[in-house]
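Trainee: Sharing a structure with you now.
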Amino acid sequence: MDSSSGDSGRGGGTSLLSAWSAAASRRYQHLLDKATPHVLRRWAGLAVLALVYAARVWIVQGFYIVSYALGIYVLNLFIAFLSPQVDPEIQDLVAGPGPSLPTRSSDEFRPFVRRLPEFKFWHSITKAFCIAFVLTFFSAFDVPVFWPILLFYWLVLFTVTMKRQILHMIKYKYVPFTFGKQRYTGKKAVSTDDATLPSD
């Protein structure tokens with residue numbers, strides 16, 4: 001009797017925890033869905049969060065390893081944000097199905113499809129800053145290091161990575177931004193944002 005009642009109690013506690021976790025997950029997803037269309041507000045909030053983190057690191061004068069890891073992670077996300085979903089270089093080697101990037105005015109217009117969409121880019125960076133901020137309250141992550149060296153390494157890595165990305169963009173003739181939907185009229189590309197409706 002005691003054993004069965006103990007098992008049932010543990011099972012009830014587990015089910016209660018699962019229900020609470022599912023409810024919290026649904027609530028969190030609901031908040032994310034509501035925040036999706038507010039691009040400027042989302043990025044403004046992220047900028048405030050980044051300033052708070054920078055102020056925290058400046059005040060405590062430490063956690064430079066955490067900041068360096070955060071910078072590397074953000075750089076990787078940024079490269080994925082600038083990259084097409086289907087790499088033209090890989091598509092040339094493996095002629096598989098998938099959307100290709102238009103390179104001539106006669107090609108059908110296709111919007112730039114990112115490897116990492118804007119919302120996931122913002123969400124990932126926001127989570128990274130939140131985690132890094134929490135880590136600054138644990139002395140185990142405050143590894144003594146000469147921070148100018150880490151800054152120099154990061155700047156070199158940023159320069160090399162961005163140079164490679166820009167050369168890739170030039171080689172395959174794509175721009176990682178889409179300004180409205182375009183249609184081609186003869187040899188001239190016309191954006192629907194600039195098009196005017198015919199007068200009555």
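Trainee: What distance in nm separates the two pseudo spin-label positions at residue 75 and residue 34, each 7 Å out from Cα along the beta-carbon direction?
Mentor: About 3.8 nm separates the two model spin labels.
Trainee: Set the Förster radius R0 to 45 Å, insert the Cβ-Cβ distance between residue 113 and residue 151 as r into 1/(1 + (r/R0)^6), and round the FRET efficiency to 0.05.
Mentor: Numbers: r = 34 Å, r/R0 = 0.76.
According to the calculation, E is roughly 0.85.
Trainee: When the solvent-accessible surface of protein heavy atoms is calculated with a 1.4 angstrom probe, in what order do 42, 164 fall, highest first? If you can, show how the numbers build up before the last one.
Mentor: On the way: 42 15, 164 160 Å².
These residues rank, largest area first, as 164, 42.
Trainee: Which sequence of 17, 40 reflects their accessible areas, 1.4 Å probe, from the largest down?
Mentor: Largest to smallest exposure gives the sequence 40, 17.
The values are calculated or read from the model by the stated rules, or taken from the named source; none is laboratory data. Just so it is clear, the structure is predicted and the values come from calculations on it, not from any experiment. Cβ sites come from the backbone with ideal geometry, for glycine too, and all protein chains shown count toward neighbours. The protein model used for the area step is the full one, side chains on, heavy atoms only, and it has no ligands, DNA or RNA in it. Shrake-Rupley method; radii C 1.70, N 1.55, O 1.52, S 1.80 Å.
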